[in-house]
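The values are calculated or read from the model by the stated rules, or taken from the named source; none is laboratory data. Bear in mind the structure is a predicted one, so any value in this text is a computation, not a measurement. All Cβ positions, glycine included, derive from the backbone under ideal geometry; neighbour counts span all protein chains shown. Surface areas here come from the heavy atoms of the whole protein model, side chains and all, with no ligands, DNA or RNA. Shrake-Rupley method; radii C 1.70, N 1.55, O 1.52, S 1.80 Å.
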Amino acid sequence: MLNFTANLSLLFTEAPLIDRFKAAKQAGFNAVEIQFPYELSAAAIKNQLDAHDLKLVLFNVDADDLLQGGEGLACVPEKRDQFRQAVAQTIEYAKQLKPEVINVLPGRCLDNSRLEHYLATFKENLCCAVEAFSPLNIKTVFEAVNTQDMPGFIIDSGAQMLEVLHQLNRPNLFMQYDIYHMQMMGEKPEAFIAEHIQKIGHIQFADCPGRGQPGNGQIDFDRVFSAIETSAYSGWVGAEYKPVGATAESLDWLTP
């Protein structure tokens, strides 16, 4: 059986974030993840986790203006100091919340003449993140994002993620493999997972196109989930989709 998490940044958004922990538990989840938890204090999140017997598996280092159309944080050369401040903030949350995985979003480059500089900055910052999180026994992951939703994203394929892993060669650094984003880029997720599962630290999914729940698009989730289940993967699988309709009505995939 796969171990699923509810991404509280996209699921149960009918309620404020503080109330989504209870909603996830009532829906049958034993673990959650949050893209950016920083609107709540770490203490408030821990209270919710304890109250509802939930594990927080993953959250992201702050990405500055990425979701508002900007370049983000981890790859921008002029934001190195800001990135280190964001890592310090993440560590303070991680000490209380004890996630298994922390994600560093690469970001995007809107001036292609600077792309190599941005990639170098990202790799430098990613190494700093690994060094910061490893003493806490936390895996660092990074993900590729499709360039239709985020034009200019500097890592947009499984091959690029593999190349970064090869270049940096850090034992506690892994890919976060997002099935939706890679399907949008024309990849075959089940084949990639089968071949490279040892290098994947976390998996997320949504259907494609549209980023809705399984069954709302073209992905055969029976095959994808089976590929994960028959692999050596022992981590969590995050439901990171935008429900079409109420979240509670989008969960048919969760119960056999």
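What are the ³J(HN,Hα) couplings of the stretch 190-199, residue after residue, when phi is run through the Karplus curve with 6.51, -1.76, 1.60 and θ = phi - 60°? Round to Hz, x for glycine and proline.
5, 5, 5, 4, 4, 7, 10, 4, 5, 9
Taking only C-alpha pairs under 8 Å that are 6+ residues apart, what is the relative contact order of the stretch 88-141 in percent?
Reported relative contact order: 53 percent.
Between TRP236 and residues 5 or more places away or on another chain, which pairs have amide H atoms under 5 Å apart, with H built 1.01 Å from N, and which residues are they?
Counting only residues 5 or more places away or on other chains, the set is ILE203.
What accessible area, in Å² to the nearest ten, does a 1.4 Å probe give for THR255?
Approximately 90 Å² of THR255 is accessible to the 1.4 Å probe.
To check my understanding: the extent here is largest minus smallest coordinate of the Cα atoms along each principal axis. What are those three numbers for the chain, in Å, largest first?
Taking max minus min along each principal axis of the Cα atoms, the chain gives 47, 40, 33 Å.
When the Karplus curve 6.51 cos²θ - 1.76 cosθ + 1.60 is applied with θ = phi - 60°, which whole-Hz ³J(HN,Hα) does each residue of the stretch 28-35 get, with x for Gly and Pro?
x, 8, 10, 8, 9, 9, 9, 4
Counting alpha carbon pairs within less than 8 Å and at least 6 residues apart, what relative contact order, in whole percent, applies to the stretch 94-187?
Relative contact order here is 32 percent.
Output wanted: per-residue J couplings in Hz (rounded whole) for the stretch 169-182, from phi through Karplus 6.51 cos²θ - 1.76 cosθ + 1.60, θ = phi - 60°, x for Gly and Pro.
For the stretch 169-182, the Karplus curve yields 6, 9, x, 9, 10, 9, 7, 9, 9, 9, 4, 4, 4, 6 Hz.
Identify the residues of the stretch 212-245 with backbone N under 17 Å of a label point that sits 7 angstrom from the Cα of ALA194 along the Cα-to-Cβ direction, or state none.
Under 17 Å, as judged by backbone N against the label point of ALA194, lie 220-233 of the stretch 212-245.
Counting only protein heavy atoms and using a 1.4 Å probe, what share of the accessible area of the stretch 103-256 belongs to carbon plus sulfur, as a whole percent?
On the stretch 103-256, the fraction of accessible area on carbon and sulfur atoms equals 48 percent.
Rank HIS117, HIS181 by accessible area, highest first, at a 1.4 Å probe radius?
HIS117, HIS181
Most fluctuating residue of GLY210, GLY72, GLY158 in a GNM of the chain with Cα springs under 10 Å: which is it?
Judging by the Gaussian network model, the answer is GLY210.
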